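Rule-based calculations on the coordinates, nothing more; no lab input. The model shown is predicted, which means the values in this text are computed figures rather than measured ones. Note that we place each Cβ from the backbone using ideal geometry, even for glycine, and neighbour counts take in every protein chain shown.
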Amino acid sequence: MFTGLIEDIGVIEGVRAGNSREDADGAEAGHELRVRCSFTDLSDGESIALDGVCLTVRSHGAGWFVVAAVSTTLGRTNVAAWTEGTRVNLERAMRADSRFGGHIVQGHVDGVGVVDWVGSEGDARLVNVRIPDELAELMVPHGSIAVDGVSLTVNELPSPGIVQLSLIEYTLAHTTLGELRPGTRVHVEADVIGKYVRRLVAPHMAQV
């Protein structure tokens, strides 16, 4: 489990296709990624979120680690488009004795959104993100959302299928969200509480 509070910005140093596992036909599938970072105390097998995607550390050293993304992950995220030099938000799994500063983030991307508009209001940068239809009903004003692994608050729902984010200077300086431009694809994870509520009420709504 994660909280959406980014600890570091990593840089993809290398990408190798076909190194994560073997598929049903015995052919290798997926991507192996080597990431440069500031962490010096990682452990093999621990979970780490890259732009909100929970992956497992396969090997590591001082200032680097390697993870693998299987074909299912590549099909549901932007990971397949990452190349050498891509910057990614990093968060290690939450410790049980840590402060819970963000919200519950599972590292399971629900969909890929597209930045629709970027503007400003006072000292905040406003970003409108067009999200998949199946996620729209999970969004509420001032509710929680994770975008590229960053815990954020839904500022407004300006139109159907659009979520507006308000990014403060600290977030712009300490995550990759300062690089967002119209057309940028981002990982979106809806609040897990909303997903459970939708699941629980679905049978009753069908009877209405």
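Global dimensions of the stretch 129-173 from alpha-carbon coordinates: Rg and Dmax equal 10.4, 31 Å. Here the Karplus curve 6.51 cos²θ - 1.76 cosθ + 1.60, taken at θ = phi - 60°, turns the phi angles of the stretch 40-56 into couplings of 10, 10, 5, 10, 4, x, 7, 8, 8, 9, 10, 6, x, 9, 6, 10, 10 Hz, with x standing for Gly and Pro.
The angle separating the long axis of helix 192-205 from the principal Cα axis of greatest extent in the chain is about 50 degrees.
Given q = 0.13, 0.21 Å⁻¹, what are the Debye log10 I(q)/I(0) values for the stretch 111-205, with equal point scatterers placed on the Cα positions and solvent ignored? The Debye formula, applied to the Cα set alone, gives -0.42, -1.02.
Placing R0 at 22 angstrom, the Cβ-Cβ distance between I168 and W117 gives a FRET efficiency of 0.75 after rounding to 0.05.
In a simple Cβ point-charge model (Lys, Arg +1; Asp, Glu -1; nothing else charged), the chain has a dipole of about 120 debye relative to its Cα centre. For the stretch 80-97, backbone phi angles converted through the Karplus equation (6.51, -1.76, 1.60; θ = phi - 60°) give residue-by-residue couplings of 5, 8, 5, 10, 4, x, 4, 9, 9, 6, 10, 9, 7, 4, 5, 7, 5, 9 Hz, Gly and Pro being listed as x.
Projected label points at A93 and S43, each 7 Å from Cα along the beta carbon direction, are separated by 0.9 nanometres. When peptides 67-76, 4-13 are ranked by their average number of other Cβ atoms within 10 Å per residue, the highest-first order is 4-13, 67-76. Across the stretch 159-168, coupling constants 3J(HN,Hα) worked out from phi with the 6.51/-1.76/1.60 Karplus curve, θ = phi - 60°, read 7, x, x, 10, 10, 9, 10, 10, 9, 7 Hz, and Gly and Pro carry x. For the stretch 8-92, the dipole from Cβ point charges (+1 on Lys and Arg, -1 on Asp and Glu) about the Cα centre works out to 180 debye, to the nearest 20. Note on the chain: percent of Cα-Cα distances in each 5 Å bin, starting at 0 and stopping at the bin with the largest distance, equals 1, 7, 14, 19, 19, 15, 12, 8, 3, 1, 0, 0.
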